[in-house]
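First comes the structure, then the notes that go with it.
The values are calculated or read from the model by the stated rules, or taken from the named source; none is laboratory data. Model, not experiment: these values are computed from the prediction. We place every Cβ from the backbone using ideal geometry, glycine too, and count neighbours over all the protein chains shown. Please note that ligands, DNA and RNA were not included when accessible areas were found on the heavy atoms of the full protein model with its side chains. Shrake-Rupley method; radii C 1.70, N 1.55, O 1.52, S 1.80 Å.
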Amino acid sequence: MAFRLKLVPSETRIDFFRWQFLTFGLSSVLMVGSIICLLVFGLNFGIDFRGGTTIRTESTQAVDVGAYRDALQTLDLGDVAITQVFDPNFDADQHVAQVRISAQDGAESVTPATINAVEAALQQVDPDITFPSVESVGPKVSGELIQTAIYAVLASLVAISIYIWLRFEWQFAIGAIVSLAHDVLITMGVFALFQIKFDLTIIAALLTIVGYSINDTVVVFDRLRENLMKYKKKPLRELMNLSVNETLSRTVMTSGTTLVALIALLVLGGDVIRGFVFAITFGILIGTYSSVYVAKNFVLWLGVKRDWSKKDPKQDASPFSGAEAP
């Protein structure tokens, strides 16, 4: 006998519009609060956006990232990132790593004295270690990275809105773009509020959030379009409730299973990927919320063209009526 896991019943009759002013007010407060946090606290930019110095190390011994980090911790260098470099062209006994040190306030790069201290500390861990190159990233390059990151996020939002417009109607595109802007802005506000390090990996996380959120939104919009053709005379609000209820099981199952893996990475993944995983975890939560409570609300307010194709009027007997709040 097959066992089928269900996090929510197959058929639900929840009125998602019953508290629409409360949910809209909550989203508005969170977005305004995020803007205030970004203006007051600012983002805690990492090495990618602040600039700094990259020291390339090479040794015949295997790279121990944890030992490297412990050795540099006493130097009080601020933001330090250590990554092992893999290349199929390396020899069997050639082990390479990169140590990136953020520039201190008021300086474009790390001072020679600091570089010497870093090299001495690493030599205590591995006497055979060498330092083939030392490179600095100035504020100009960092500024270009920030600009490019902003363009990447904006371009993704514009491309998605065009796709939704072509696939559905312009009202759906407006709802989707507002929902995505809602998710990205609130996620960045959380990073500003708690001063979590913001680097290029977080930009990748934001783009992942955009893709995940729009996937949920498109599923709801697809079901809504089908119901608009099926129940031609039912009010738009009732059809939206019906569409969200019909896709709710899929939404909860998809988000739930993804969150299980993300929470495991968040707890066990270590400091290197914690910021990235936290961004995606929070983004999935807020993205699921916006797909249910934000995107469809704007479509309802803007109205949508109904498909008055020739269908049996008896099909207007929608199974969704007398909705109850959760």
Pairing a residue in segment 80-100 that is under 19 Å from L122 (Cα atoms) and in contact (Cβ under 8 Å) with a residue 40 or more places away in the chain with any residue that is open to solvent by 40 Å² or more (accessible area, probe 1.4 Å) and assigned to a loop (DSSP other than H, G, I, E, B), where Cβ atoms lie under 9 Å and the two sit 6 or more apart in sequence or on different chains, gives V96/F86; V96/D87; V96/F90
Within segment 170-223, residues under 19 Å from S255 (Cβ atoms) and either touching a Leu at 6+ places or on another chain (Cβ under 7 Å) or among the polar types (S, T, N, Q) (or both) come out as S179, L180, V184, I186, T187, T208, V210, S213, I214, N215, T217
Expected single match for outside any helix (DSSP H, G or I), over 16 Å from I186 (Cβ atoms), at pLDDT below 85 and open to solvent by 20 Å² or more (accessible area, probe 1.4 Å) among V272, V304 is V304
Of the residues in segment 228-261, those that are open to solvent by less than 20 Å² (accessible area, probe 1.4 Å) and free of Cβ contacts under 8 Å to residues at least 60 places away in the same chain come to S243, T247, T251, S255
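So, of the residues in segment 104-145 that are charged (D, E, K, R) and either open to solvent by less than 70 Å² (accessible area, probe 1.4 Å) or modelled with pLDDT of 85 or more (or both), which turns out to be nearest to the chain's Cα centre (by Cα)?
To start, the set of residues in segment 104-145 that are charged (D, E, K, R) comprises 105, 108, 119, 126, 128, 135, 140, 144.
After this cut, where a residue has to be either open to solvent by less than 70 Å² (accessible area, probe 1.4 Å) or modelled with pLDDT of 85 or more (or both) as well, the list is 119, 126, 128.
Working: E119: 36, D126: 38, D128: 41 Å.
Going through the qualifying residues, I end up with E119.
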Going through segment 73-94 in order, the residues found to be more than 16 Å from T130 (Cβ to Cβ), in a strand (DSSP E or B) and either open to solvent by 50 Å² or more (accessible area, probe 1.4 Å) or of a type in the set (D, E, K, R) (or both) are T83
Here the residues within segment 195-227 that are more than 28 Å from the chain's Cα centre (by Cα) and either open to solvent by 40 Å² or more (accessible area, probe 1.4 Å) or at pLDDT below 85 (or both) are E226
